[in-house]
Amino acid sequence: MNKEKRYEILTRLRANDPNPTTELDFTSPFELLIAVLLSAQATDVSVNKATAKLFPIARTPDEMLKLGVDGVKQHIKTIGLFNSKAENTIKTCRILVEQHNSQIPENREALEALPGVGRKTANVVLNTAFGWPTIAVDTHIFRLSNRTRFAPGKDVVEVEKKLIKFVPKEFKVDVHHWFILHGRYVCTARRPKCGACIIEDLCEFKEKTD
Ligand code: SF4
């Protein structure tokens, strides 16, 4: 795909949604970190349902620690992998309290050192809580980047590197949200809604639907 097409795609996505953000509910960097940690292989809707009850009683790492693993489990048992997620939540909170003064570090290495936090989660937190131009490549972004040929790659790291390289500065902070939302609601995994897609004429996918 050429530079002009990429620019036009980003321009249209921005015009369609000038202030995009995550669909996870949060009111602080800490809540965002925990919500993203809980969202692995789970829908944002299911995470929001659980955190609506969890966050009012545990808004800080210290309060979460007081709940303990079993207390956290009680609130997140409707989410997949809740056992390991509860354990990682408590381990992460302990490190935040002991090593980071109960704050979320604005630092990739420190974030990725937290249990249950990988590159993708760190990218989301750096982007959405701190405004860094990072791009967390999830399943939706990976699919959309490959189908459209905007940033094709065989794995998420290759796609991430190409997106960082190809996306102009003015779009970098928001591109992650636009691609997730477009992939989730329009360029869906099973049957993309090409007939209703605002970038259909620019997309280079060979098997478009009506
Ligand atoms: S035209 Fe179809 S394949 Fe291309 S981005 Fe739109 S929905 Fe996805």
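The values are calculated or read from the model by the stated rules, or taken from the named source; none is laboratory data. The structure presented is a predicted model; accordingly, all values stated were derived computationally and were not measured. No Cβ is skipped: glycine too gets one built from the backbone with ideal geometry, and neighbour counts run over all protein chains shown. Heavy atoms of the whole protein, side chains included, go into the accessibility calculation; ligands, DNA and RNA do not. Shrake-Rupley method; radii C 1.70, N 1.55, O 1.52, S 1.80 Å.
Structure above, values below:
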item	result
For the stretch 109-169 and the stretch 174-210, distance of Cα centres in Å	18 Å
For the stretch 41-57 versus the stretch 87-107, the gap between their alpha-carbon centres in whole angstrom	20 Å
Taking the stretch 86-199 and dividing mean pair separation by its residue count, relative contact order in percent (alpha carbons under 8 Å, at least six apart)	18 percent
Cα gyration tensor, the stretch 57-129 - rounded (a/c under 1.5), prolate or oblate	oblate
Three-way shape call for the chain based on the alpha-carbon gyration tensor, with the a/c threshold at 1.5	prolate
Per residue accessible area of the chain, 1.4 Å probe, in Å²	51 Å²
Contact order normalised by residue count of the chain, Cα under 8 Å, 6+ apart, percent	20 percent
Packing-based order for 187-195, 28-36, using average beta carbon neighbours within 10 Å, highest first	28-36, 187-195
Nearest-ten-degree value, helix 44-54 long axis tilted from longest Cα axis of the chain	20 degrees
Cα shape, the stretch 96-210, gyration tensor, a/c 1.5 rule	prolate
Percent carbon-and-sulfur accessible area, the stretch 1-148, ignoring ligands, DNA and RNA, probe 1.4 Å	51 percent
Proximal lysines to residue 49, defined as alpha-carbon separation beneath 26 angstrom and excluding residues fewer than eight positions away on the same chain	66, 73, 77, 85, 91, 120
Over the chain: helical MRE at 222 nm, DSSP H runs n ≥ 4 each giving -39500 (n - 2.57), nearest 500	-18000 deg cm²/dmol
